[in-house]
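Visitor: Handing you a structure now.
The values are calculated or read from the model by the stated rules, or taken from the named source; none is laboratory data. Since this is a predicted model, take the numbers as computed values, not measurements. Because the Cβ atoms are built from the backbone with ideal geometry, glycine has one as well, and the counts that use them run over all protein chains shown.
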Amino acid sequence: MTDVKEPVAKSEFKQIGKRPKRPDGVDKVTGRARYGADFALPGMLHGEVVRSPHAHAKLISIDTSKAEALPGVKSVVTHHDFADQPSEAATAGEMAVNYRDIVRNLLAREKVLYDGHPVAAVAATSVSIARKAAKLIEVKYEVLPHVINVVESMKDDAPLLNEEQFTKRADGSMSDKPSNVATELEIKVGDIEAGFAAADHIVERTYDTKPVHQGYIEPHACVASYTEDGQGEIWVSSQGHFLIRSFTARLCGMDVSKLNVTPAEIGGGFGGKIFVYLEPLALMLSKKSNRPVKMVMSRADVFRATGPTSGANMTVKIGATKDGKITAASTDLRYQAGPFPGSPVGPATMTSFACYSIENVLVKGYDVIVNRPKVAAYRAPGAQVAAFAVESAVEELAHAIGMDPVEFRLKNAAKEGTKVHFGATMGPVGLVESLEAIKSHDNNQVPLGPNQGRGYAAGFWFNIGGETCVTMNVNEDGTVGLSVGTPDIGGSRASMSMMAAEELGIETDEVRAQLADTKSLGFNFISAGSRTTFSTGKATIEAAREVIQTCRERAAAHWDIPVDAVVWEEGQARPASSNAGDFEPLSLKDLAAMAPKQGGPISGHIESNVQGAAPSYAAQSVDVEVDPETGLVKILRFTVAQDAGKAIHPSYVEGQFQGATAQGIGWALNEEYIYDENGRLENANFLDYRIPVASDLPMIDTVIVEVPNPAHPYGVRGIGETSIIPVMAAVANAIENAVGVRMEELPMSPPKVLKAIDESQPIAAE
Amino acid sequence: MAKTHVSTEINGDQVEFLCDTEQTLLDVLRDELQFTGSKEGCGSGDCGACTVMMDGRHVCSCLVLGAEAEGKKIETIEGMADGEDLHPLQEKFLEHAALQCGICTPGILVASKALLDRNPDPTETELRYWLAGNLCRCTGYDKIIRAVMDAAAEMRSS
């Protein structure tokens with residue numbers, strides 16, 4: 001459809017770049033919006049999960065008879081109700097999973113592998129009966145030695161989680177002995193030894209991070225209903241109801257056609273609501289009871305058995321010449337995966353040095369299983385952890401050669417044409433522009449006081465495209481309905497409506513975007529990988545172009561002139577020139593009214609595998625004040641500059657930058673999973689797992705850099721993830737600048753910072 | 001155990017309900033009376049998503065028993081708008097894009113209104129400490145703070 005108008009220049013946008021109120025907004029400020037736990041069906045039961053209290057144990061027996069005898073209990077499920085699955089890779093966004101592991105994570109089979117691992121589930125006529133029944137299920141365990149720490153787990157004498165797992169080495173060979181190391185990865189470019197030999201200064205350190213949780217405020221929740229004729233329905237808040245359908249149908253042994261999944265509003269995901277936890281349990285409980293079943297996790301369940309991203313142990317070595325050229329960089333990235341392989345160490349190896357043009361690089365990654373909950377994606381999975389190590393070392397190296405850390409990054413920054421270490425050659429990208437924006441920002445000119453410091457860091461994230469289907473219908477009054485299949489987590493219905501309106505030449509409020517269930521559209525991949533505004537937006541624009549093409553054809557037929565002689569301008573079909581004829585323009589409303597007498601309703605459908613996602617780079621600066629008496633770090637100001645390609649709705653772009661930054665600040669200063677000596681999670685609540693609150697943070701200042709993505713009609717890049725990547729290193733760099741201590745471990749909580757300060761300042765002899 | 005009969009007032013309406021003694025006010029609002037605007041994020045009073053007004057004080061409804069609502073006046077998010085007219089706080093939240101996923105929004109709106117009812121001209125610091133019991137994971141609070149401050153300014157000038 002090249003004859004339809006080409007991408008418009010920036011100044012010509014009529015809707016894009018404005019800040020309209022979101023279409024789902026009123027429902028969300030009045031309490032009307034329905035999230036996962038807000039749905040109910042007549043005759044509905046309540047499900048409860050029985051979870052392992054042990055980090056590692058053999059499952060000897062499960063006796064459900066007492067629970068089943070309790071009045072009000074309608075069904076119980078254990079692993080016996082789910083067929084075992086073969087070892088077979090499954091798509092789950094940016095992280096690999098395996099059906100063998102999915103079925104074992106759903107309900108433990110041979111062993112329990114972490115504190116909180118589901119063992120059985122029960123459905124009853126009330127929540128309180130379900131809870132009582134859960135306590136009546138008797139499980140016998142044989143407790144085994146466990147391993148929590150990634151370095152310990154890699155040792156030869158570590159307790160094995162899976163005696164059948166051997167290490168797949170980087171060269172493709174397998175280890176001789178079983179191991180907790182599932183996979184070794186390697187990326188090698190140039191001559192690493194020659195590169196370090198050419199360096200005037202080398203920084204080498206080992207860093208450690210803890211698992212952190214995505215911390216969405218809405219716990220996982222769903223309602224499932226299975227009917228006597230073998231049809232299933234699920235209402236659930238997730239980042240991708242099509243993937244929920246795939247996994248659930250597979251685990252419950254159903255045809256995909258017999259399961260429909262309707263998306264609820266989602267109360268935050270950040271990567272943690274891609275995978276199935278409750279849905280197959282609820283559906284199987286419904287099948288066995290012939291009643292709808294609702295399941296809602298407690299906050300403790302959310303912490304113990306969903307989410308967290310990997311903790312890691314990482315060694316980084318970077319060398320540079322005196323004049324600031326990075327000559328070589330290497331890293332070993334040891335990532336915890338939870339009890340099954342699938343940590344985001346792959347993306348970590350690729351993103352680690354992708355901010356820079358470096359000739360000699362050696363990256364090794366290790367995917368290591370431990371007795372912790374199965375890790376899930378978390379905003380730029382893997383990249384943020386590696387960036388804490390790499391960007392800490394980069395800043396330290398800049399100081400070592402006496403160069404301004406922003407100038408040092410600018411000198412080595414990846415730009416258009418740079419082939420980064422994992423093999424990609426960059427198109428137009430905005431790292432240099434982001435660094436320049438940070439350098440010239442007013443915040444960067446503010447003088448610092450005692451115990452205050454400023455730190456910088458940069459970040460890279462790929463972004464993805466993928467399977468996307470949309471349907472656009474011109475209604476009989478000329479307004480437009482748009483059905484999309486990517487859950488709206490942070491305002492995407494607003495951006496879709498704006499893009500549709502822009503393309504059609506109408507007003508944003510004349511388009512109503514809605515989320516369709518799985519039976520109404522072709523397969524849509526998840527809302528993750530910063531893909532929604534890019535992929536669904538691109539499909540929406542293409543669907544609008546189909547609508548426009550049909551409108552031109554209808555106008556041409558009405559006027560009895562060739563289609564080529566009709567243009568679409570400002571929401572109207574018009575003769576291309578006076579040569580084409582003298583006709584009154586036909587609006588979408590006119591054409592909709594004519595439709596019954598022409599070819600019928602006007603619509604656009606796009607079913608596509610969207611390509612061309614372009615990376616988004618970010619640069620950040622943060623000012624902190626460290627209390628030398630307590631070790632408390634206060635964030636004074638924070639500046640984010642990130643390349644959005646083109647901001648569709650700038651407020652929601654800023655919101656992504658700010659939210660990602662706040663999550664990074666929590667990760668930097670407070671958040672961590674704390675286990676006792678028996679491998680039990682000790683802080684499975686929001687009081688002891690402390691995410692940032694309003695009084696912890698300042699305003700977060702943003703700069704939207706716009707280097708257009710040539711593969712999107714309006715230049716859009718995904719923007720949801722990059723801004724969490726640099727935060728932890730930026731804060732560590734600011735602490736070093738403030739009080740002269742280099743933090744090698746997250747979180748940089750008051751006791752750790754105080755200890756580092758005390759150790760750096762030996763008490764003077766009296 | 002026999003259920004407890006409770007008479008209360010919710011958003012200006014007289015309401016009667018039966019509840020188990022162990023049911024929280026949040027359970028009753030959501031599961032018995034279908035006021036699902038108040039959300040359960042933690043069940044332990046740490047996240048503030050279930051914030052409602054009880055006799056003019058803002059409380060975590062997950063920490064109040066349903067039976068304790070006897071004779072009280074309860075106000076929830078469902079009662080904040082005046083018919084078709086949104087409260088200025090609701091308007092400003094939309095105008096400033098102060099919500100992303102929106103799950104914390106009802107609790108934050110109720111808590112913010114409670115502050116402005118007693119202090120129409122709070123400083124940013126006062127507001128940040130007032131809202132420290134309401135967790136938001138999406139926004140970094142920036143736009144929430146701006147929206148409440150802007151709503152306060154508008155309410156003062158009207």
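Visitor: Only one of A:Glu163, A:Glu193 is at pLDDT 95 or above, loosely packed, with under 14 Cβ neighbours inside 10 Å and more than 30 Å from A:Val420 (Cβ to Cβ); which?
Guide: Being at pLDDT 95 or above, loosely packed, with under 14 Cβ neighbours inside 10 Å and more than 30 Å from A:Val420 (Cβ to Cβ) holds for just one of A:Glu163, A:Glu193, which is A:Glu163.
Visitor: Going by the structure shown, is A:Tyr689 of a type in the set (Phe, Trp, Tyr), within 24 Å of A:Asn371 (Cα to Cα) and either within 13 Å of chain B (Cβ to nearest Cβ) or assigned to a loop (DSSP other than H, G, I, E, B) (or both)?
Guide: Yes, satisfied.
Visitor: Of these, A:Met254, A:Met284, which one is part of a loop (DSSP other than H, G, I, E, B) and in contact with a strand residue (DSSP E or B) (Cβ under 8 Å, 6 or more places away or on another chain)?
Guide: A:Met254
Visitor: Which count do you get for residues in region A:725-757 that are charged (D, E, K, R) and part of a helix (DSSP H, G or I)?
Guide: 3
Visitor: Sort through A:Val406, A:Val470, A:Val429 and tell me the only one that's in a strand (DSSP E or B) and surrounded by 17 or more Cβ atoms within 10 Å (Cβ to Cβ).
Guide: It is A:Val470.
Visitor: For residues in region B:118-158 being of a type in the set (Asp, Glu) and without any contact (Cβ under 8 Å) to a residue 12 or more places away in the chain, which is farthest from the other protein chains (Cβ to nearest Cβ)?
Guide: Among those residues, the one meeting the criterion is B:Glu126.
Visitor: Another question, if that's okay. Please find, within region A:568-614, the residue that is farthest from A:Gly478 (Cα to Cα) out of those that are without any contact (Cβ under 8 Å) to a residue 24 or more places away in the chain and of a type in the set (A, V, I, L, M).
Guide: Looking at residues that are without any contact (Cβ under 8 Å) to a residue 24 or more places away in the chain and of a type in the set (A, V, I, L, M), I get A:Ala580.
Visitor: For region A:575-613, name all the residues that are in contact with a Gly (Cβ under 6 Å, 6 or more places away or on another chain), under 30 Å from A:Gly465 (Cβ atoms) and surrounded by 13 or more Cβ atoms within 10 Å (Cβ to Cβ).
Guide: Residues satisfying the conditions are A:Leu588, A:Glu607, A:Val610, A:Ala613.
Visitor: Quick check on my filter: what residues within region B:100-112 are at the interface with chain A (Cβ under 7 Å from one of its Cβ atoms) and under 28 Å from B:Gln23 (Cα atoms)?
Guide: Of everything in region B:100-112, those that are at the interface with chain A (Cβ under 7 Å from one of its Cβ atoms) and under 28 Å from B:Gln23 (Cα atoms) turn out to be B:Cys101, B:Gly102, B:Ile103, B:Cys104, B:Thr105, B:Pro106, B:Leu109.
Visitor: Of all residues in region A:19-58, which are aromatic (Phe, Trp, Tyr) and not in a loop (DSSP other than H, G, I, E, B)?
Guide: Selection gives A:Tyr35 alone.
Visitor: Let me ask something additional. Select from region A:493-534 the residues that are of a type outside the set (Asp, Glu), outside any loop (DSSP other than H, G, I, E, B) and under 17 Å from A:Ser608 (Cβ atoms) and list them in ascending order.
Guide: Answer for region A:493-534, where residues must be of a type outside the set (Asp, Glu), outside any loop (DSSP other than H, G, I, E, B) and under 17 Å from A:Ser608 (Cβ atoms): A:Met496, A:Met499, A:Ala500, A:Thr532, A:Thr533, A:Phe534.
Visitor: If you go through region A:645-654 one residue at a time, do you hit one that is part of a loop (DSSP other than H, G, I, E, B), on the phi > 0 side of the Ramachandran plot, more than 8 Å from every other protein chain (Cβ to nearest Cβ) and in contact (Cβ under 8 Å) with a residue 12 or more places away in the chain?
Guide: Scanning region A:645-654, I find at least one residue that is part of a loop (DSSP other than H, G, I, E, B), on the phi > 0 side of the Ramachandran plot, more than 8 Å from every other protein chain (Cβ to nearest Cβ) and in contact (Cβ under 8 Å) with a residue 12 or more places away in the chain, so the answer is yes.
Visitor: Next up: So, in region A:474-513, of the ones that are among the charged types (D, E, K, R) and surrounded by 24 or more Cβ atoms within 10 Å (Cβ to Cβ), which residue ends up farthest from A:Ala573 (Cα to Cα)?
Guide: Here the residue is A:Asp488.
Visitor: Please work out if A:His241 is surrounded by 24 or more Cβ atoms within 10 Å (Cβ to Cβ) and within 29 Å of A:Ala133 (Cα to Cα).
Guide: The answer is no for A:His241.
Visitor: Sticking with this one: Given the conditions (1) surrounded by fewer than 18 Cβ atoms within 10 Å (Cβ to Cβ); (2) over 29 Å from the mean Cα position of the chain (by Cα), report the number of the one that A:Val203 does not fulfil.
Guide: Result: A:Val203 passes all but (1).
Visitor: I would also like to ask the following. Go through region A:121-153 and report how many residues are under 29 Å from A:Met295 (Cα atoms) and in contact with a helix residue (DSSP H, G or I) (Cβ under 6 Å, 6 or more places away or on another chain).
Guide: Looking only at that region, the number is 7.
Visitor: Continuing with the same structure: From the list A:Gly271, A:Gly307, which residue is within 14 Å of chain B (Cβ to nearest Cβ), at pLDDT below 95 and either in contact with a His (Cβ under 6 Å, 6 or more places away or on another chain) or over 30 Å from A:Ile192 (Cα atoms) (or both)?
Guide: A:Gly307
Visitor: So, one more: Based on this model, can you work out whether A:Ala539 counts as buried (at least 22 other Cβ atoms within 10 Å of the Cβ) and not in a helix (DSSP H, G or I)?
Guide: So A:Ala539 does not fit the description; no.
Visitor: Considering only residues that are closer than 30 Å to B:Cys50 by Cβ, away from chain B (no Cβ under 14 Å) and free of Cβ contacts under 8 Å to residues at least 60 places away in the same chain, which ones fall in region A:213-256?
Guide: The answer is A:Glu233, A:Ile234, A:Ile244, A:Thr248.
Visitor: Criterion first (facing chain A (nearest Cβ under 8 Å), under 26 Å from A:Ala264 (Cβ atoms) and crowded, with 19+ Cβ neighbours inside 10 Å) does B:Ala97 satisfy it?
Guide: Yes, satisfied.
Visitor: Can you find even one residue in region A:250-258 that is of a type in the set (Lys, Arg) and farther than 29 Å from A:Gly342 by Cα?
Guide: Among the residues of region A:250-258, at least one is of a type in the set (Lys, Arg) and farther than 29 Å from A:Gly342 by Cα, which makes the answer yes.
Visitor: In the list A:Leu113, A:Leu45, A:Leu70, A:Leu59, which residue meets the criterion of being more than 14 Å from chain B (Cβ to nearest Cβ), of a type in the set (A, V, I, L, M, F, W, C) and crowded, with 23+ Cβ neighbours inside 10 Å?
Guide: Criteria check complete, one pass: A:Leu113.
Visitor: When you scan region A:301-318, do you find a residue that is in contact (Cβ under 8 Å) with a residue 12 or more places away in the chain, farther than 24 Å from A:Ala96 by Cα, touching a helix residue (DSSP H, G or I) at 6+ places or on another chain (Cβ under 7 Å) and crowded, with 21+ Cβ neighbours inside 10 Å, even just one?
Guide: So far as region A:301-318 goes, yes, one or more of its residues are in contact (Cβ under 8 Å) with a residue 12 or more places away in the chain, farther than 24 Å from A:Ala96 by Cα, touching a helix residue (DSSP H, G or I) at 6+ places or on another chain (Cβ under 7 Å) and crowded, with 21+ Cβ neighbours inside 10 Å.
The rows are residues; the columns are (1) surrounded by fewer than 24 Cβ atoms within 10 Å (Cβ to Cβ); (2) over 17 Å from the mean Cα position of the chain (by Cα); (3) among the β-branched types (Val, Ile, Thr); (4) within 22 Å of A:Ile326 (Cβ to Cβ).
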site: A:Thr351; (1), (2), (3), (4): no, no, yes, yes
site: A:Cys355; (1), (2), (3), (4): no, yes, no, yes
site: A:Lys364; (1), (2), (3), (4): yes, yes, no, yes
site: A:Asp367; (1), (2), (3), (4): no, yes, no, no
site: A:Arg372; (1), (2), (3), (4): no, yes, no, no
site: A:Ala377; (1), (2), (3), (4): no, no, no, no
site: A:Val385; (1), (2), (3), (4): no, no, yes, yes
site: A:Ser392; (1), (2), (3), (4): no, yes, no, yes
